[in-house]
Amino acid sequence: MPSEKILEQKQKVVATLTESLKASCTGIIVNYKGITVAQDTKLRKELRESGDEYMVVKNTLLRLALKDAGIDGLDHVLEGTTAIAISKDDYVSSAKILSKFAETSKKFEIKAGFVDGGVIDADGVKELAALPSKEVLVSKVLAGFNAPISGFVTVLNGTLKGLVVALNAIAEKQAANA
């Protein structure tokens, strides 16, 4: 039976992890067994620079935190060595970084994840990683909004140009007749 002090520490860890999970838009669960300290340091740095949180966590504590956060369906992947990357703002950043790392490292494995509380498998994480970043998507939407306006301006310019040419022709004709 664990001491009351250790139990209290674990409850604090679960509560903190639960709050992080509730505040996040995505989470990616990985098996990090077999990667070197240098690889892990590089991975953590890259995730931190993109604004993601990455932590190694005990399966039991993560299972409790996921349950408290209302995310069901990930218990089957909580075996072996487990780490989780959590993103609060960007839906694709952690998926891109971890998928890229998994391609280069044969031992590193993406187990599963969640998006807005809905569970996705490893293939879903790879699909998420294939999406363009938020900035690219926003620029595409804005370009889509801008296209009709640009077309309208072009039509107006063409109409005005035609009007100017017609008025100029009339003025020249009247000047020739006078």
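The values are calculated or read from the model by the stated rules, or taken from the named source; none is laboratory data. Computed from a predicted model, the values in this text were never measured in an experiment. Methodologically, a virtual Cβ is constructed for each residue, glycine included, from the backbone with ideal geometry; neighbour enumeration extends over all protein chains shown. All accessible areas refer to the heavy atoms of the entire protein, side chains included, with ligands and DNA or RNA removed. Shrake-Rupley method; radii C 1.70, N 1.55, O 1.52, S 1.80 Å.
Tabulated results
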| item | result |
| --- | --- |
| Accessible surface, the chain, averaged per residue in Å² (probe 1.4 Å) | 64 |
| Under 17 Å from the Cα of Lys134 - aspartates and glutamates, other chains or at least 8 residues apart | Glu49, Asp52, Asp89, Asp90, Asp116 |
| Portion, in percent, of the accessible area of the stretch 23-134 that falls on carbon or sulfur, probe 1.4 Å | 53 |
| Under the span-like rule (Cα at least 30 Å along the axis, Kyte-Doolittle mean at least -1.0), DSSP H helices of the chain | 134-177 |
| Formal net charge of residues neighbouring Ala166 (Cβ-Cβ distance under 15 Å; K, R +1; D, E -1) | +1 |
| Options Gly34, Ser20, Val57, ranked by Cα towards positive dipole end of the chain, top entry (Cβ charges) | Gly34 |
| Nearest-10 value in Å² for the accessible area of Glu19, using the 1.4 Å probe | 110 |
| Size of charge dipole - the chain - debye, nearest 20, with Cβ of Lys, Arg +1 and Asp, Glu -1, no other charges | 360 |
| Cα-based shape type of the stretch 1-61, given that a ≥ b ≥ c are square roots of the gyration tensor eigenvalues and the cut on a/c is 1.5 | oblate |
| Value of [θ]222 nm, deg cm²/dmol, for the chain, DSSP H segments ≥ 4, -39500 (n - 2.57) each, nearest 500 | -21000 deg cm²/dmol |
| Entry for semi-axes √(5λ) of the Cα gyration tensor in Å (calculated from the structure that is shown) out of (1) 26, 18, 15; (2) 30, 16, 13; (3) 59, 17, 13 | (3) |
| Relative contact order %, the chain, counting alpha carbon pairs below 8 Å whose residues are six or more apart | 26 |
| Above-threshold pairs, the threshold being 29 Å between Cα atoms, out of Lys22/Lys96; Lys42/Lys67; Lys5/Lys67 | Lys42/Lys67 |
| Net charge of neighbours whose Cβ lies under 11 Å from the Cβ of Gly34, counting Lys and Arg as +1 and Asp and Glu as -1 | +1 |
